[in-house]
Amino acid sequence: MEAAREDQVPLESFATGAIVRQAAPRLLRDGFGPLALFFAGWKLIGLASGIGIATLFATAVFAHERRQGRPAMIVRVALAFVAIRAGVGLSSGSARAYLAAEVVVDTLIGATVLGLLARGRPLAVVFAREIYPLPPQMTESDTFARAMSTITAVWGAYFLARGLVRLAALLTLTTDRYVLVAALSDAPFLIAILAWSVHHTAGAFRDSARWAPLLASAEAVPVRPSSGT
């Protein structure tokens, strides 16, 4: 009976392009949106307004995700760190201090991700359930666990590297140019690593002796369009 259930794997979950098209806008909105709105609000109105707009945006996105019934784990993390940056920026009255908090945030994220991985708790498992949910028989497999460990290590290394890049930019460039560096080290890499994460997970299952025959069998069955009533 278990094998019969495994044979009904939803192959659309492994369509890298489809998943990226669906998840990338949310990832960019949650990760890059607050920074973009802060910069726009700061330049057009003032520092406090920029911080307030970024914070309100993150709060609104979180409320929207919860209304949609999603766990909103990515937004929860983004909202927490937006609050940290807002506190630093408002207390210091400095845009540079607000942006410097991003370096601290990236370092904390990277260290936390890798620290939990070292304890056998890869955080990629949590976010994978939100981005490309899979049947329980797959998420409880050793193949999935190994793939999530590798993906977690890559994401942790990315955040640490991004923190170093932003620190160097903060120390050597103007605030406006720093924002440009922050944008370039954010959106393109987030999308690229997201695509790689999905591709790596799919490849891990396709290379598995247990899962490859089941996936090949299911893939050979044409998908029937649902009939309208």
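The values are calculated or read from the model by the stated rules, or taken from the named source; none is laboratory data. Source: prediction; values computed, not measured. Cβ placement follows ideal geometry from the backbone for every residue including glycine, while neighbour counts extend to all protein chains displayed.
Quick notes on this one:
- Check on residue 1, within 14 Å of the chain's Cα centre (by Cα) and either more than 23 Å from residue 130 (Cα to Cα) or modelled with pLDDT under 75 (or both): no
- Test: residue in region 144-159 that is more than 12 Å from the chain's Cα centre (by Cα) and not in a helix (DSSP H, G or I): no
- Residues of region 102-130 satisfying the condition of being buried (at least 20 other Cβ atoms within 10 Å of the Cβ) and under 21 Å from residue 22 (Cα atoms): 123, 124, 127, 128
- Hey, residue 88 closer than 27 Å to residue 56 by Cα, touching a helix residue (DSSP H, G or I) at 6+ places or on another chain (Cβ under 9 Å) and not acidic (Asp, Glu) or not: yes
- Yes/no for residue 31 being at pLDDT below 75, surrounded by 13 or more Cβ atoms within 10 Å (Cβ to Cβ) and closer than 26 Å to residue 160 by Cβ: yes
- For first residues located in region 133-149 and among the charged types (D, E, K, R), partners that are surrounded by 14 or more Cβ atoms within 10 Å (Cβ to Cβ) and in a helix (DSSP H, G or I) and lie 6+ apart or on another chain with Cβ distances below 7 Å form the pairs 146/204.
- Scanning region 190-211 for residues that are at pLDDT 90 or above and either among the aromatic types (Phe, Trp, Tyr) or surrounded by fewer than 14 Cβ atoms within 10 Å (Cβ to Cβ) (or both) returns 192, 196.
- Close pairs (9 angstrom Cβ cut-off, 6 or more residues apart or separate chains): touching a residue at least 40 places away in the same chain (Cβ under 8 Å) and under 10 Å from residue 35 (Cβ atoms) in region 172-187, surrounded by 14 or more Cβ atoms within 10 Å (Cβ to Cβ) and of a type in the set (Val, Ile, Thr) anywhere: 182/165
- So residue 66, is it exposed (fewer than 14 other Cβ atoms within 10 Å of the Cβ) and outside any loop (DSSP other than H, G, I, E, B): yes
- Candidate set from region 4-28 (those that are among the small types (Gly, Ala, Ser), out of contact with any helix residue (DSSP H, G or I) (no Cβ under 6 Å at 6 or more places or on another chain) and within 19 Å of residue 192 (Cα to Cα)); member that is modelled with the lowest pLDDT: 13
- Top-ranked residue of region 76-124 - restricted to ones that are among the basic types (Lys, Arg) and within 24 Å of residue 26 (Cα to Cα), ranked as modelled with the highest pLDDT: 85
- For residue 158, the test of being buried (at least 21 other Cβ atoms within 10 Å of the Cβ) and among the hydroxyl-bearing types (Ser, Thr, Tyr) is failed.
- Residues that are at pLDDT 90 or above, surrounded by fewer than 14 Cβ atoms within 10 Å (Cβ to Cβ) and assigned to a helix (DSSP H, G or I), drawn from region 165-179: 168, 171, 172, 177
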